[in-house]
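The values are calculated or read from the model by the stated rules, or taken from the named source; none is laboratory data. Computed from a prediction, not measured in an experiment: that's the story for all the values here. Cβ atoms come from the backbone with ideal geometry, glycine included; neighbour counts cover every protein chain shown. Each accessible area value is taken on the protein alone, full model and side chains, heavy atoms only, with ligands, DNA and RNA left out. Shrake-Rupley method; radii C 1.70, N 1.55, O 1.52, S 1.80 Å.
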Amino acid sequence: MRLEYFDMIDKVESFDPASKRIVTRSTVPAQSPVFEGHFPGHPLVPGVLLTETMAQASGYLLLGLNGLTQMPFLMMVDKARFRTFVEPNAVLDVSAELVHEGSGYAATKAKIAIAGKPICDAELRFRLMPFPADMRTLMQSRIAAIGLSPEAA
């Protein structure tokens with residue numbers, strides 16, 4: 001996880017196209033420029049970055065299911081709940097499941113846990129657009145780096 005680059009997912013633990021579910025893992029870095037301001041002397045991962053982590057897990061799920069034919073763009077975050085703080089060195093288990101897809105949109109439910117303890121969850125909605133050709137190589141490299149095997153990439 002590289003917070004300052006919005007590179008939130010380290011590894012895909014499992015991707016199950018049949019159940020339309022993904023489980024990823026991320027380790028919060030021990031140090032990051034983000035912690036210099038949030039909060040000095042008491043570093044915590046900002047909630048917006050936890051939301052981004054859930055959105056990226058959901059996005060990788062959608063990319064895996066559609067074989068990089070459609071790019072998911074986050075449109076809406078609903079029912080987001082944060083239960084506790086996340087500190088440096090935490091190992092995050094991030095899961096997402098597809099709950100609806102159609103008419104150019106997809107909806108997921110995502111959650112983050114640490115050692116089985118719920119940290120946060122949200123319902124996310126994405127607009128699915130034709131995959132930008134100039135992003136294909138970059139995304140193929142990224143999904144390979146995290147260990148995602150798309151359906152028909």
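Just give me the residues in region 82-116 being aliphatic (A, V, I, L, M) and open to solvent by less than 50 Å² (accessible area, probe 1.4 Å), in sequence order.
Result: Val86, Ala90, Leu92, Val94, Ala96, Leu98, Ala106, Ala107, Ala110, Ile112, Ala113, Ile114.
I'm checking my understanding of the structure. Among residues of region 1-44 that are among the polar types (S, T, N, Q) and under 17 Å from Asp121 (Cα atoms), which one is surrounded by the most Cβ atoms within 10 Å (Cβ to Cβ)?
Result: Thr24.
Determine if region 45-58 includes at least one residue that is in contact (Cβ under 8 Å) with a residue 60 or more places away in the chain, in contact with a Phe, Trp or Tyr (Cβ under 7 Å, 6 or more places away or on another chain), among the small types (Gly, Ala, Ser) and surrounded by fewer than 22 Cβ atoms within 10 Å (Cβ to Cβ).
yes
Of all residues in region 117-143 being touching a residue at least 40 places away in the same chain (Cβ under 8 Å) and assigned to a helix (DSSP H, G or I), which is least open to solvent (accessible area, probe 1.4 Å)?
By that ranking, first place goes to Ile143.
I need the full set of residues from region 35-79 which are within 14 Å of the chain's Cα centre (by Cα) and of a type in the set (Gly, Ala, Ser), in order please.
Gly47, Ala55, Ala57, Ser58, Gly59, Gly64
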